[in-house]
Structure formats: structure tokens, C-alpha cells
Amino acid sequence: MSKKATVLLMKPLSWKWNAGDIIEVKQHYANYVLFPQWIAVLYDKQTKNQHEAHKRKIDLYNKDLQKSIEKFSADLEANGVTFSKNATENGTLYDSITAKTISQYAEESHNVVIGSEHFTVDPKIEAIWTFIAQFDYNDSTISFEIRVEKS
């Protein structure tokens with residue numbers, strides 16, 4: 001009967017397990033495949049304590065992030081966003097406003113890092129006007145105004 005090893009995955013393993021999962025595998029597989037490729041580390045008492053401390057830090061970070069995003073979301077819904085851009089005489093912008101632009105705005109103005117995939121700006125904004133966009137995060141969607149004015 002082969003011995004088993006309890007390991008903490010550092011990288012995803014096949015389609016079943018994600019990084020951070022604790023699994024039990026054959027000792028031989030751990031020694032000759034997982035450990036040499038840094039896919040996993042032995043899950044002993046020291047690793048367990050480090051893992052739990054790391055999880056607590058991540059949970060605390062996620063709570064703080066959630067509060068910041070909720071504050072940003074409320075401000076976005078109440079006030080919208082105003083961009084001052086260079087434009088031609090007929091109101092066409094020299095550069096467009098996209099979801100990435102709004103993501104950068106969130107980071108610069110509210111110190112919140114939110115990926116551009118959470119914003120829907122359809123179509124991309126290329127003129128001076130007021131537009132409606134959406135912010136999707138954690139199963140909630142809000143609509144907000146984007147006001148574009150000539151600088």
C-alpha cells in the first residue's frame with residue numbers, strides 16, 4: 001500500500017483543483033512530480049499556520065476592497081462621471097472613452113482597482129454628450145451617467 005501526502009497546491013492542477021486547495025496524493029507523485037515543479041508544497045504544521053495567516057490577510061483585504069467598491073459604486077450611481085476631453089468643432093473627441101478609461105478613473109479618483117470587464121460602455125464614447133453606462137460587480141448592476149465636456 002502506497003503512502004499518502006497532504007499537499008498545498010501552489011498552481012492549479014488539471015481540471016479538478018485550484019491553487020490554494022489542500023489535497024491528498026500518493027507520496028511518490030508528490031515527490032517526483034508536484035514538488036520538483038513547484039506545483040505543490042507539503043502541508044505540514046508550519047505550512048498550515050502560514051496558509052491560515054495568508055488566508056486571513058486575503059479575507060481582510062477582500063473586505064476592505066468590497067467596502068471601497070461599494071463606496072465607489074454608490075458615488076458612481078449618485079454623481080456619475082464627468083470627463084473633460086479635447087474635441088473638434090463639431091464635438092467629435094480626439095480619443096474615445098472606453099471601459100478601460102473608466103477603470104483608470106476608478107483607480108485614480110477613488111483608489112480602487114477594478115478591471116475594465118466590470119464596465120459596459122456600448123458603443124465606445126467618441127463625442128461630447130451624456131451617455132449611460134453600466135457597472136457590474138458581484139451580481140449587482142448599476143447604471144450611471146458619463147458626461148463628456150469639451151476642455
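No lab work stands behind these numbers, since they all come straight from the coordinates. What you see is a predicted model, and the numbers here were worked out from it, not measured in a lab. All Cβ positions, glycine included, derive from the backbone under ideal geometry; neighbour counts span all protein chains shown.
At an R0 of 30 angstrom, the distance between the Cβ atoms of Lys57 and Tyr94 translates into a FRET efficiency of 0.10. Find the Rg to Rh ratio for region 4-43, where Rh is the Kirkwood radius over alpha-carbon pairs and Rg uses the same atoms. Taking Rh as the inverse mean 1/r over Cα pairs, Rg/Rh reads 0.90.
Listed values (i) 80, 26, 23; (ii) 45, 33, 32; (iii) 58, 34, 26 include one computed from this model; for Cα extents along the principal axes in Å that value carries the label (i). Each peptide among 101-109, 33-41, 50-58 gets the average number of other Cβ atoms lying within 10 Å of its residues, and from highest to lowest they stand as 101-109, 33-41, 50-58. Is region 68-150 best put as rounded, prolate or oblate by its Cα gyration tensor, with a ≥ b ≥ c the root eigenvalues, rounded for a/c under 1.5, and otherwise prolate when a/b is larger than b/c, oblate when not? Prolate, because a/c is 1.5 or more and a/b exceeds b/c.
A helix-only calculation puts the chain at -11000 deg cm²/dmol for mean residue ellipticity at 222 nm, using -39500 (n - 2.57) for each DSSP H run of at least four residues, averaged over all residues.
Once you reduce region 71-88 and region 23-57 to the center of their Cα atoms, the two points are 46 Å from each other.
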